[in-house]
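The values are calculated or read from the model by the stated rules, or taken from the named source; none is laboratory data. This structure is a prediction, so every number in the text was calculated from the model and none was measured. For neighbour counting, all protein chains shown are included, and Cβ atoms are generated from backbone atoms with ideal geometry for every residue, glycine included.
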Amino acid sequence: MKTEALERYLNSFGKYIVQQSRTKLTKGKKNVTKDLYNSISFRVVSTPNGFSVQFFMDGYGKFVDKGVSGTDKARSYTDYKGKTVVSPYKYSNKQPPSGIIEKWIKKRGLKGRVDKNWKSAGNKGGQFISHKSFAFLVARSIKKKGIQGISFFQRPLQLAMKDFTKDLLEAVKEDIINGLTTVK
């Protein structure tokens, strides 16, 4: 049986989820370097049982999507079924690498500053601190508070799945009609 309509539908399904995921990343202000944005892709694969739509993204995308619970605070996300779920990821004894946080700080143009009321030897308070020190403090805060998930992939998947069955059946119906042959 020809499966052109089914393959076309699955490709449009994949394109929709990729496009919506990228939009949610941008709107969620999680698109500083565009690395994750550019890594989101899909592929329709023929299997012995039919077809499979596979999605790909950089490894850290799952943490942005589902969040990471901190040592002091649990984080959650909304899954593709629309349910709020506690993140399966959690910081325990390690914190995020300061080097990565430092690069992020520089890209965002952020500056750390000592509290004006905190005075110590050689410090009047209110001065800027180094990117390295600021990155360490941010990483420590992330370890405690975690990272809230933004469901940038789960939400588009949820929306696409609402009409998936109906639209999928229409594509299969079209393929069956196109595959019928007239018997003489």
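Data overview
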quantity: Test: residue in the stretch 30-53 that is acidic (Asp, Glu), over 23 Å from LYS162 (Cβ atoms) and not in a loop (DSSP other than H, G, I, E, B); calculated: yes
quantity: Pick from the stretch 1-50, criterion modelled with pLDDT under 90, aliphatic (A, V, I, L, M) and surrounded by 12 or more Cβ atoms within 10 Å (Cβ to Cβ), ranking: farthest from the chain's Cα centre (by Cα); calculated: ALA5
quantity: Scope the stretch 51-67; condition among the β-branched types (Val, Ile, Thr) and over 12 Å from the mean Cα position of the chain (by Cα); matching residues; calculated: VAL53
quantity: Close pairs (7 angstrom Cβ cut-off, 6 or more residues apart or separate chains): free of Cβ contacts under 8 Å to residues at least 24 places away in the same chain and under 17 Å from GLY59 (Cβ atoms) in the stretch 21-45, of a type in the set (D, E, K, R) and in a loop (DSSP other than H, G, I, E, B) anywhere; calculated: ASP35/ASP58; SER39/ASP58
quantity: Subset of the stretch 54-81 (residues that are free of Cβ contacts under 8 Å to residues at least 24 places away in the same chain, part of a strand (DSSP E or B) and surrounded by 11 or more Cβ atoms within 10 Å (Cβ to Cβ)); calculated: PHE56
